[in-house]
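**Student:** Pasting in a structure now, in structure tokens, and then I'll have a few things to ask.
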Amino acid sequence: MNRQTNERHPEHEDAGSLARRFFAEASGTFALTSVAAGGLMAAAISGGEVDLVARAAAPGLLVMALIYAQGDASGAHFNPVVTLAFALKRLFPWVLVPLYWAAQVLGALVAAALLLAVLGPVEHVGSTVPHVDLYQALAIEVLLSWLLVSVILGTADRYQLIGPNAALAVGGTIILDGLFGGPLSGASMNPARSLGPAIVGGTLDVVWIYLLGPFAGACLAVIGTTLIHGPTPSSGKQREAAQGKPTS
């Protein structure tokens, strides 16, 4: 009877707690964009010494570490489509979606601006660009994002069993997607990661692929995980995985 009484309501948190959420999402997306876009720039500068395996592994390992390090502060989304998917699954309050999206885009923009200042306009500041036909790239981004978000939602549904070790599955999926999709679409799976460098590097002509594809893939993942795991419970560890446990 008192089960819902102790349930956290992030939309009712004080300004300090919301600020911690904002900073966690902004700093995490900043780090992710710096590593992902910076890897492309480093590969060009080094003449290929930073190879595909390194470029695919670095973002996955970083996200894995960040989930362990600050997942309790915000849920460690670092990606607008992850925030959307959690909201669609009713694990995350819609009222906080704009806050998270703003933080994620800001983090990506600051990362791109810093990369431009330090390394110059190399590889359009690490912008994600397709290496195949535009619609092939779109289809690949849908596929990769579906797989990533399916793993994120699936591990959230099973959070009571696997706990924070969901980070291993999520990080591993990012690496797998990067190895497969990197040479094809660029394997963004993250609108913020692509939008920041695209704005700073001036490659907005193809950025629609990396907005539409991941959002479409995330929606498909929500449908698929709902069919597999059933409707989301009204409370429990799933919400903790999606929302974190910030101090109110």
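**Student:** For residue 37, are the conditions met, namely being surrounded by 15 or more Cβ atoms within 10 Å (Cβ to Cβ) and in contact with a Pro (Cβ under 8 Å, 6 or more places away or on another chain)? First the steps, then the outcome.
**Tutor:** Numbers: surrounded by 15 or more Cβ atoms within 10 Å (Cβ to Cβ): yes; in contact with a Pro (Cβ under 8 Å, 6 or more places away or on another chain): yes.
In short, yes.
**Student:** Within 15 Å of residue 90 (Cβ to Cβ) and out of contact with any strand residue (DSSP E or B) (no Cβ under 8 Å at 6 or more places or on another chain): does that describe residue 198?
**Tutor:** On the way: within 15 Å of residue 90 (Cβ to Cβ): no; out of contact with any strand residue (DSSP E or B) (no Cβ under 8 Å at 6 or more places or on another chain): yes.
For residue 198, the condition - within 15 Å of residue 90 (Cβ to Cβ) and out of contact with any strand residue (DSSP E or B) (no Cβ under 8 Å at 6 or more places or on another chain) - is not met.
**Student:** Scan 115, 134 and give me the residue that is more than 18 Å from the chain's Cα centre (by Cα) and buried (at least 22 other Cβ atoms within 10 Å of the Cβ).
**Tutor:** On the way: 134 fails: buried (at least 22 other Cβ atoms within 10 Å of the Cβ).
None of the others qualify; the one that does is 115.
**Student:** Here is a check on your reading of the model: is residue 129 surrounded by 19 or more Cβ atoms within 10 Å (Cβ to Cβ) and out of contact with any helix residue (DSSP H, G or I) (no Cβ under 7 Å at 6 or more places or on another chain)?
**Tutor:** On the way: surrounded by 19 or more Cβ atoms within 10 Å (Cβ to Cβ): yes; out of contact with any helix residue (DSSP H, G or I) (no Cβ under 7 Å at 6 or more places or on another chain): yes.
Here the answer is yes, as residue 129 does meet what is asked.
**Student:** Could I ask something else about it? Considering each residue of region 58-72, count those that are hydrophobic (A, V, I, L, M, F, W, C) and surrounded by 17 or more Cβ atoms within 10 Å (Cβ to Cβ), and give that number.
**Tutor:** Going residue by residue through region 58-72, those that are hydrophobic (A, V, I, L, M, F, W, C) are 58, 61-67, 69.
Cutting the leftovers down to surrounded by 17 or more Cβ atoms within 10 Å (Cβ to Cβ) gives us 58, 62-64, 66-67.
Adding up the residues that qualify gives 6.
**Student:** Let me ask something else. Quick check: anything in region 180-203 outside any loop (DSSP other than H, G, I, E, B) and surrounded by fewer than 18 Cβ atoms within 10 Å (Cβ to Cβ)? Let's see the steps before the verdict.
**Tutor:** Looking only at region 180-203, we keep the residues that are outside any loop (DSSP other than H, G, I, E, B), and these are 180-181, 191-201.
Filter once more, keeping what is surrounded by fewer than 18 Cβ atoms within 10 Å (Cβ to Cβ): 180.
Yes: region 180-203 contains one or more residues that are outside any loop (DSSP other than H, G, I, E, B) and surrounded by fewer than 18 Cβ atoms within 10 Å (Cβ to Cβ).
**Student:** Scan region 172-198 residue by residue and report those that are of a type in the set (D, E, K, R) and farther than 13 Å from residue 127 by Cβ.
**Tutor:** Once the filter is applied, which keeps residues that are of a type in the set (D, E, K, R) and farther than 13 Å from residue 127 by Cβ, region 172-198 yields only 177.
**Student:** For the structure I just gave you, tell me whether residue 120 is more than 18 Å from residue 203 (Cβ to Cβ) and not charged (D, E, K, R).
**Tutor:** On the way: more than 18 Å from residue 203 (Cβ to Cβ): no; not charged (D, E, K, R): yes.
Judged against the criteria, residue 120 is not a match.
**Student:** In addition: Of the residues that sit in region 43-94 and are β-branched (Val, Ile, Thr) and in a helix (DSSP H, G or I), which one is farthest from residue 149 (Cα to Cα)?
**Tutor:** Here is the first cut: in region 43-94, the residues β-branched (Val, Ile, Thr) are 45, 50, 53, 63, 67, 81-83.
When the remaining residues are screened for being in a helix (DSSP H, G or I), the result is 45, 53, 63, 67, 81-83.
Values: 45: 32, 53: 22, 63: 14, 67: 15, 81: 8, 82: 7, 83: 10 Å.
Out of the qualifying residues, it is 45.
**Student:** Any idea which residue in region 76-112 is surrounded by the fewest Cβ atoms within 10 Å (Cβ to Cβ), counting only those that are of a type outside the set (A, V, I, L, M) and farther than 22 Å from residue 225 by Cβ?
**Tutor:** Restricting attention to region 76-112, the residues satisfying the condition of being of a type outside the set (A, V, I, L, M) are 77-80, 83, 86, 89-90, 92-94, 98, 100-101, 104, 107.
Keeping just the survivors that are farther than 22 Å from residue 225 by Cβ gives 98, 107.
Working: 98: 10, 107: 27.
Among those residues, the one meeting the criterion is 98.
**Student:** Can I ask one more? Filter region 148-158 for residues that are surrounded by 20 or more Cβ atoms within 10 Å (Cβ to Cβ) and not acidic (Asp, Glu) and give the result. Lay out the reasoning, then the answer.
**Tutor:** From region 148-158, those surrounded by 20 or more Cβ atoms within 10 Å (Cβ to Cβ) are 148-153, 155-157; that's our starting set.
Answer for region 148-158, where residues must be surrounded by 20 or more Cβ atoms within 10 Å (Cβ to Cβ) and not acidic (Asp, Glu): 148, 149, 150, 151, 152, 153, 155, 156.
No lab work stands behind these numbers, since they all come straight from the coordinates. Note that this is a predicted model, so its numbers are computed, not measured. Positions of Cβ are generated from backbone atoms using ideal geometry, with glycine treated the same way; all protein chains shown enter the neighbour counts.
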